[in-house]
Each structure stands twice: as C-alpha cells, then as structure tokens.
Amino acid sequence: MDSRIPRIRSKLAKIPCQAQRSHSVCGERHQFRLGPRISASEADAFEAEHHIVLPVAYRAFLIELGGSGAGPFYGLLPLDECRLFTMNRKPVDGSPRGFTHVDHPDALQGDLFLHIIEMGCSDLCLIGVTGPLAGRVVTGNADGFWPPNVSSAQDFLSWYERWLNHMRDGKDNAALGLSSPAIAATAL
C-alpha cells in the first residue's frame, strides 16, 4: 500500500462538511465522504473495456480509499461515469485548446484523458491516461473557453492530498491549481 493512503484517509476524516465554504460546491451532496471502494476486478474490467491502463496512483485511490465522492467541485465521479477525451489541436488563431470525447467523429487519435471530476458546464477535470501527461491532473474547458492547465502534482494521490490540505487550511481555489504553479498543456 502506498504510504499516502492512510494519511489521506486520516486527513479526509478530519475535514468537516461546511456548506458553501469553497469551490467544492456540492460538499453537501458528498458530505466530504468517499463512496464505496471499487474492486481490483472492477478496475480491470474498466481498463479492458476501454483498452487503457489507469494511472497507478488513481487506481490505488479507487481501490484502497473510495470510488467516488469527496473532491473539488461536484466531487469524484464513479468510474463507470468517467469518459475518455482527447485534447484538440492548438487552433491556428492561438485560442485555447479544448477537449473532445473519444467517440465523437472529430476526436483526434492521440493522448487520452479520463474525466474524473465534474466541474459543471463544459469545464473538465481530467487525468492523463496516455502520453507525457499520464497520471497528471489536467483542468480545461471542452470548448476551449480557457486553456488547459496541468497540476504541478506528479500524480493523483499528491494532487488529492494537496486539495485536502488546502480545504483544511481554507485555501481551496477555483482553478484547482491549489496555489502551485500551473504548467501549460502543450501535448497533443
């Protein structure tokens, strides 16, 4: 077991649900609790169905901590509601890139990103599944209304623990950069 798992479990247990305190707008819904863990076989089945391998830290979170619930904005999506996206090409006019669901006819063949947190409207919180951003949390807008940003946290467990630390300290923010320098997403 990753040594961060029990620490995250302990930190999450100490964060009380406080309505409308932050950008975790639906804390009332998930009560800052995680949903049931998924089994390794459920993770295996999802990977087989989508022909992917879940990032190690994210998979460990789902299996050892919880499969949905407590998280920024509307919380962590259950794995069966997560959808795969690709990042669009950089538009020639210099406007920000968007993301396209892999089943859309205009989707590029390229690096895959799994939608893991519902932010509302066309805003997305994803985790890189393939390519140079694999394992990293990326926020963006499907329609390219604002540019994608890559968290400086090296994996999902680090990103989630940073979010918990910020929630505990009252410093949650809208961009999910969580006071760390953002890295502009440039990978195809």
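The values are calculated or read from the model by the stated rules, or taken from the named source; none is laboratory data. Please read these numbers as outputs of a predicted model, since none were measured by experiment. Glycine gets a Cβ as well: all are built from the backbone with ideal geometry, and neighbour counts include every protein chain shown. Just so you know, the surface numbers come from the protein's heavy atoms only, side chains and all, with ligands and any DNA or RNA stripped out. Shrake-Rupley method; radii C 1.70, N 1.55, O 1.52, S 1.80 Å.
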For the stretch 58-163, what log10 I(q)/I(0) values come out of the Debye formula at q = 0.17 1/Å, with one point per alpha carbon and no solvent?
-> -0.76
Using +1 at the Cβ of each Lys and Arg and -1 at the Cβ of each Asp and Glu in the stretch 41-100, identify which of A57, V92, G67 lies farthest towards the dipole's positive end.
-> V92
Surface share of carbon and sulfur [accessible, 1.4 angstrom probe, percent] for the stretch 79-157 | 51
Given the stretch 79-180, what percent of its DSSP beta bridges are antiparallel, to the nearest 5?
-> 95
